[in-house]
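What follows is one structure encoded as structure tokens, with my remarks underneath.
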Amino acid sequence: MVDRTVLVTGGTGGLGGAVTAAFLSDGWRVVVPGREAGETAAEGPVRVVADLLTLEGAAAAVAAATAEPAAPLRAVVNLVGGYASGGLVHETPVEEFERLLRLNLRPTYLVTHASLPHLVAAGGGAVVCVSARAAVAPFPGAAGYVTAKAAVQAFGNAVAVEYRQRGVRCNTVLPSVVDTPANRAARPEADHQRWVPPAEIATVIRFLAGEESAPTSGASVPVYGRA
């Protein structure tokens, strides 16, 4: 019997599919919100339509994740985000800078905000946030992305401190370039063997969400592969 639920935002993306599969194979009930309706198969994730950039959408996703009393919400994985590069800081419009902050930070905040009371009520659990290597090793031409991912990392650390005594852990993973079809199409000339396969990152996320990593909170875990 499935006795625990994980909410995976961004679960339909290149990394999200691998994360969803990792939790399903380990016997979790997996809830995956998205902007469009998706088919819910008997052995697959529970799909729910939700715009995670809004309070209402985040609440709807968490409501679906807490709808089965026999499988309480025990983990939240925040994968929603996006990348864009451009010019240097003085060449970057403030609208683009703020767009990347909103895209990467707002869903993580809103979903975690709505989930925390349920995780506490269930006796504890885990939140896993996805930042990026760029948060600690910036590169030129992506100030909005770098700042947004650093903010995600800082937010994860804040959650870890605030909820440590309430049984909720929060850790952050920092991937380099994820080896997805979209990234390969965008950078066909790159050495893809140096990138990190989604399934390998999913294994780390699954570990951080489970009881095996119970002593660990507030960690920033590099998942760089050979990059």
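Restricting attention to the range 198-227, the residues that are in contact (Cβ under 8 Å) with a residue 40 or more places away in the chain, under 23 Å from L24 (Cα atoms) and under 16 Å from the mean Cα position of the chain (by Cα) add up to 12.
Pairs linking a residue in the range 177-188 that is surrounded by 11 or more Cβ atoms within 10 Å (Cβ to Cβ) and part of a loop (DSSP other than H, G, I, E, B) to a residue that is modelled with pLDDT under 80 and not β-branched (V, I, T), with Cβ atoms under 6 Å and 6 or more positions apart or on different chains, are V177/A227.
Could you go through the range 207-214 and let me know if any residue there is among the polar types (S, T, N, Q), more than 19 Å from L79 (Cα to Cα) and at pLDDT 95 or above. Yes, there is a match, as at least one residue in the range 207-214 is among the polar types (S, T, N, Q), more than 19 Å from L79 (Cα to Cα) and at pLDDT 95 or above. The residues of the range 7-38 that are open to solvent by 40 Å² or more (accessible area, probe 1.4 Å), hydroxyl-bearing (S, T, Y) and not in a helix (DSSP H, G or I) amount to a single one, T12. Against the test of being in contact with a Pro (Cβ under 7 Å, 6 or more places away or on another chain), modelled with pLDDT under 95 and surrounded by 14 or more Cβ atoms within 10 Å (Cβ to Cβ), the options A61, A122 yield a single qualifying residue, A122.
Give the residues of the range 155-176 that are farther than 15 Å from L119 by Cβ and either in contact (Cβ under 8 Å) with a residue 12 or more places away in the chain or within 14 Å of the chain's Cα centre (by Cα) (or both), sorted by residue number. Residues satisfying the conditions are F155, N157, V161, T172, V173, L174, P175, S176.
The values are calculated or read from the model by the stated rules, or taken from the named source; none is laboratory data. Keep in mind the model is a prediction, meaning the values are calculated, not measured. FYI the Cβ positions are ideal-geometry reconstructions off the backbone, even for glycines, and counts take in every protein chain you see. Calculation scope for accessible area: heavy atoms of the full protein, side chains included, ligands and nucleic acids excluded. Shrake-Rupley method; radii C 1.70, N 1.55, O 1.52, S 1.80 Å.
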